[in-house]
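Everything on this sheet refers to the single structure shown next.
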Amino acid sequence: MRAELLKGHLDALLLATFENGPRHGYAVREALREGSAGRIDLPTGTVYPALRRLEQAGLISGAWDTTGARPRRTYELTPAGRTALTGERSGWQEFSAVVTALLEGRACPRTT
C-alpha cells in the first residue's frame, strides 16, 4: 500500500491500536502490520514522532515500563483519545461511503 494513501489517517490508525489496552511503540507497528496482513508496515521514523504528537495533544498518555530487560515507553488512550477515535471513525465512514459511491459511478445519498 502506498504511504501517501495513509496521509490524514495515521492518527486514527494509531489511536485504534490502543483501543484494547496499552502498547509500546513496536507493538503498535506490529498491530498495524498484522491487522493489515502486512499492507501497512510503517517505519519507526513515522510511528514514534506520531506517538509523541498524540501524547502532546492529550490523546494518549505514556509511561516508562521498566519491568523488562530494557525500558520501553508504553502508551494508552486517554478519554479525549477515545472521543477522538469515535470522531475519526465516523468521519472515515462518511468519507469512505462518498468515495466508494463516486468510484462506482453512483450518487451518494444526501445527509440532513
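The values are calculated or read from the model by the stated rules, or taken from the named source; none is laboratory data. Fair warning: this is a prediction, and the values are worked out from it, not measured in the lab. Cβ coordinates were reconstructed from backbone atoms using ideal geometry, including for glycine residues, and neighbour counts include every protein chain displayed.
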Taking first residues from the stretch 93-112 that are under 21 Å from Leu5 (Cβ atoms) and second residues anywhere that are part of a loop (DSSP other than H, G, I, E, B) and not hydroxyl-bearing (Ser, Thr, Tyr), the pairs with Cβ under 6 Å that are 6 or more apart or on different chains are Val98/Cys108; Ala101/Cys108
Can you tell me how many residues within the stretch 1-41 are aliphatic (A, V, I, L, M), modelled with pLDDT of 90 or more and more than 20 Å from Ala80 (Cβ to Cβ)? 5
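Regarding Ala37, is this residue closer than 18 Å to Gly8 by Cα and aliphatic (A, V, I, L, M)?
When the stated conditions are applied, Ala37 does not pass them.
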Residues satisfying the stated conditions in the stretch 18-65, i.e. β-branched (Val, Ile, Thr) and out of contact with any strand residue (DSSP E or B) (no Cβ under 8 Å at 6 or more places or on another chain): Ile40, Thr44, Thr46, Val47
Go through (1) modelled with pLDDT of 95 or more; (2) within 12 Å of the chain's Cα centre (by Cα) and name the single condition Glu88 misses. (1)
Scan of the stretch 73-106 for residues that are over 30 Å from Ala63 (Cα atoms) and among the polar types (S, T, N, Q), ordered by number: Gln93, Ser96, Thr100
Log entry, pairs with first residue in the stretch 26-44 being farther than 20 Å from Glu76 by Cβ and touching a residue at least 12 places away in the same chain (Cβ under 8 Å), second being surrounded by 13 or more Cβ atoms within 10 Å (Cβ to Cβ) and not small (Gly, Ala, Ser), beta carbons closer than 8 Å, six or more apart or on different chains, reads Ile40/Leu6; Ile40/Leu13; Ile40/Leu32; Ile40/Arg33; Asp41/Arg29; Asp41/Leu32; Asp41/Arg33
